[in-house]
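Visitor: What follows is a structure written as structure tokens; I'll ask about it next.
The values are calculated or read from the model by the stated rules, or taken from the named source; none is laboratory data. None of the values given here were measured: they were computed from a predicted structure. As a convention, Cβ positions derive from the backbone with ideal geometry for all residues, glycine included, and neighbour counts pool all protein chains shown.
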Amino acid sequence: MQDALDNDHALTSRKAQELTAYWHKLAKAAGGIPPRSAFDPIAIPSALPSVFLIERLDADTYRFRLLGTDFAERGVSDLTGALIKRSEVNADRTPIFSVLDRVLNAPCGLHILGVEQSEKGRQSLVEYVALPLTDEEGAYRFVVGSGSPLATLGYDDEATGYGPLIEVRDLREIPLSISEQGAA
């Protein structure tokens, strides 16, 4: 499965590599997209601070189930437990919805170079990976991933919002093997 990632999908950060390898291990054991119940963030201790887990509650609403401590340390805030509703987010802050929707609707994995903005307006280039997980009934409902900063881009002094993904600079699909497409 790692071969699928090696072609045009070289991950820069060790944390992204570790999470992706762990997800592929779970997928192999599950014979398809792994269930949320199989994902144990403690199994990847060095990547845990950069890990996020987001649940789709309905077409308009997602909930951050986990947002690692690296995000808070970068000034994004601890959004664990927070709801994000498409209808309540400014139009210029919506890239996260298209990424989450694509991961769950395709389903597919995504390798993203995106911009993150801290509460103080600092904008950073961040490497994200996002991968699907199923619920107990086999529906694609969770997105697990990681975010690792690559560079500080500057500051937006007029910033009125912040978030882990305010702009997508590059997005590439991480191919999932045929056996992983078997889940609901």
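Visitor: Can you pull out every residue in the stretch 22-53 that is out of contact with any helix residue (DSSP H, G or I) (no Cβ under 6 Å at 6 or more places or on another chain) and within 23 Å of G81 (Cα to Cα)?
Guide: Passing the criteria: W23, P35, R36, S37, F39, D40, I42, A43, P45, S46, F52, L53.
Visitor: Tell me, yes or no, whether the stretch 60-72 has at least one residue that is in contact with a helix residue (DSSP H, G or I) (Cβ under 8 Å, 6 or more places away or on another chain), among the acidic types (D, E) and closer than 26 Å to S124 by Cα.
Guide: yes
Visitor: Moving to a separate point now. Name the single residue, out of those in the stretch 81-95 being assigned to a helix (DSSP H, G or I) and closer than 14 Å to E116 by Cα, that is modelled with the highest pLDDT.
Guide: Residue satisfying both the conditions and the ranking: P95.
Visitor: If you check A47 against the conditions, is it without any contact (Cβ under 8 Å) to a residue 12 or more places away in the chain and not aromatic (F, W, Y)?
Guide: no
Visitor: Residues that are of a type outside the set (S, T, Y), within 22 Å of R172 (Cα to Cα) and modelled with pLDDT under 90, at least 3 per element: which helices (runs of 4 or more DSSP H) completely within the stretch 1-80 meet that?
Guide: In the stretch 1-80, the matching helices (runs of 4 or more DSSP H) lie at 2-6.
Visitor: OK, next. Condition (residue is free of Cβ contacts under 8 Å to residues at least 60 places away in the same chain, within 16 Å of S146 (Cβ to Cβ) and touching a Leu at 6+ places or on another chain (Cβ under 8 Å)) applied to the stretch 84-102: is it met by at least one residue?
Guide: Within the stretch 84-102 (the criterion being free of Cβ contacts under 8 Å to residues at least 60 places away in the same chain, within 16 Å of S146 (Cβ to Cβ) and touching a Leu at 6+ places or on another chain (Cβ under 8 Å)), the answer is no, since none of the residues qualifies.
Visitor: Determine if the stretch 96-105 includes at least one residue that is modelled with pLDDT of 90 or more, assigned to a strand (DSSP E or B) and closer than 22 Å to L26 by Cβ.
Guide: No, the stretch 96-105 contains no residue that is modelled with pLDDT of 90 or more, assigned to a strand (DSSP E or B) and closer than 22 Å to L26 by Cβ.
Visitor: Test of understanding: among F71, F64, which residue is surrounded by 14 or more Cβ atoms within 10 Å (Cβ to Cβ), within 15 Å of L133 (Cβ to Cβ) and touching a strand residue (DSSP E or B) at 6+ places or on another chain (Cβ under 7 Å)?
Guide: Exactly one residue qualifies, and that residue is F64.
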